[in-house]
1. By how many nm would the segment from Lys131 to Gln115 lengthen if fully extended, with 0.36 nm per residue of separation less the alpha-carbon distance?
2. May I ask you to compute the full-extension gain from His169 to Met1, defined as 0.36 nm times their residue separation minus their alpha-carbon distance, rounded to one decimal in nm?
3. Let me know the longest stretch in the chain that avoids all trypsin sites (Lys or Arg not before Pro) found in a DSSP loop with at most 14 other C-beta atoms within 10 Å.
4. Setting aside same-chain residues fewer than 8 positions from Lys23, which lysines have a Cα under 30 Å from its Cα?
5. Can you tell me the relative contact order of the chain? Whole percent, Cα pairs under 8 Å, sequence separation 6 or more.
6. Determine, from the Cβ-Cβ distance of Tyr158 and Thr68 and an R0 of 35 Å, the FRET efficiency 1/(1 + (r/R0)^6), rounded to the nearest 0.05.
7. Express in nm, to one decimal, how much length is gained between Asn39 and Glu140 on full extension, taking 0.36 nm for each residue of separation and deducting their alpha carbon distance.
8. With an 8 Å Cα cut-off and a minimum separation of 6 or more residues, compute the relative contact order for the stretch 9-89 in percent.
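Laboratory data are not the source of any read-out in this text; all were calculated from the coordinates shown. Worth saying up front: this structure is predicted, and the values here are computed from it rather than measured. Cβ placement follows ideal geometry from the backbone for every residue including glycine, while neighbour counts extend to all protein chains displayed.
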Amino acid sequence: MIKTIYLAGGCFWCTEAVFQRIKGVQSVMPGYIDGKIKNPAYREVCTGRTGHTEAISIEYDEGQVQLTDLLLIFFNTHDPTTLNRQGNDVGTQYRSGIYFTDIEQKEIAQMVIKQLTKEAVFKDKIVTELKEATPFYEAEQGHHNYFNRNQEQPYCSYVIHPKMEKLKHYFSNHLNESYE
């Protein structure tokens, strides 16, 4: 069964690149969620005044990948302990969030957060918000497939490449063959 969930882990270029490489993920789309206006533009979201966060829409096949695995990858490829910040990206538009589309997803996310907290995986408290999905707005085409098209850009080299190395090291069993 194909399901959809929305994840926000800072800049959507990073999260898109991570989840494009995972077996069982059917599609990944960058965009904006959890804001106050319809059809926001990147320049508006960047101000922090729309209330949206940069996020990705993930369609995944439950028969090929479990949501628990997707969430463990999510938590381990960004910092879920910093409020409204990922590295040098600062503002509410860079907050950590899981936006579920059904109660089962909510329960699984709660279980994963509880497990990571109990095991003290992170030194600080997880501040990832967990909310029911609101309308998701697709980002402008220039943001789609950004890392794959711009790997030599300084942001990609310094911020996204280390995430790709961590993904290969810790989650190689979840990578599509073309990315192993």
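1. Numbers: separation 16, 0.36 × 16 = 5.76 nm, distance 1.85 nm.
Taking 0.36 nm per residue and subtracting the Cα distance, the gain is 3.9 nm.
2. Roughly 57.6 nm would be gained on extension.
3. Values: sites that count: Lys36, Lys38, Lys123, Lys125.
Between the exposed loop sites, the longest stretch runs 39-122.
4. Lys3, Lys106, Lys114, Lys118, Lys123, Lys125, Lys131, Lys163, Lys166, Lys168
5. Numbers: 325 pairs, mean separation 55.4, N = 180.
Answer for the chain is 31 percent.
6. Details: r = 30 Å, r/R0 = 0.86.
For R0 = 35 Å, the calculated efficiency reads 0.70.
7. Using 0.36 nm per residue and subtracting the Cα-Cα distance, I get 35.3 nm.
8. Details: 103 pairs, mean separation 31.2, N = 81.
Once normalised by length, the contact order is 38 percent.
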